[in-house]
Amino acid sequence: MAAQTDSSQIDSFVRDRLPGADQLPQLRFDTPELAFPAQINLVDALFQRAENGGHSHRAFLRSSRVTFTYKQAHECVNRIAGLLTQDHALVPGNRVLLRGANSIGLAL
């Protein structure tokens, strides 16, 4: 069993099956724009960076039928997260199976 690391994930299935630390790649973040905290929600960071850069109105996901801006996608992601956490009581570490067509709707 792999050593426990700090994580908000309750389910340790994947973490327990990681190779030993000596077999993992050494990740280096030497520049300020690549310096991340030990724990980060990358989805929040992506949308926050778009907002801070004034790009919320720009196209984020696009298909032949629909285009979502960063702002629209962020609102949709928050609605889905709210539904899962508030209506279905999911917590970090719970697994959710997503099934659907390869589409923008599934990406959100």
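For the stretch 9-55, the tally of residues that are in a helix (DSSP H, G or I), among the polar types (S, T, N, Q) and surrounded by 10 or more Cβ atoms within 10 Å (Cβ to Cβ) stands at 1. Summed over the stretch 77-108, residues that are surrounded by 11 or more Cβ atoms within 10 Å (Cβ to Cβ), at positive phi and without any contact (Cβ under 8 Å) to a residue 40 or more places away in the chain total 0. Scanning the stretch 56-76 for residues that are surrounded by 10 or more Cβ atoms within 10 Å (Cβ to Cβ), part of a loop (DSSP other than H, G, I, E, B) and not β-branched (Val, Ile, Thr) gives SER56, HIS57, ARG58, SER63.
Just so you know, all these numbers are worked out from the coordinates, no wet-lab data involved. Computed from a prediction, not measured in an experiment: that's the story for all the values here. Heads up, the Cβs are rebuilt from the backbone with ideal geometry, glycines too, and the neighbour counts pull from every protein chain shown.
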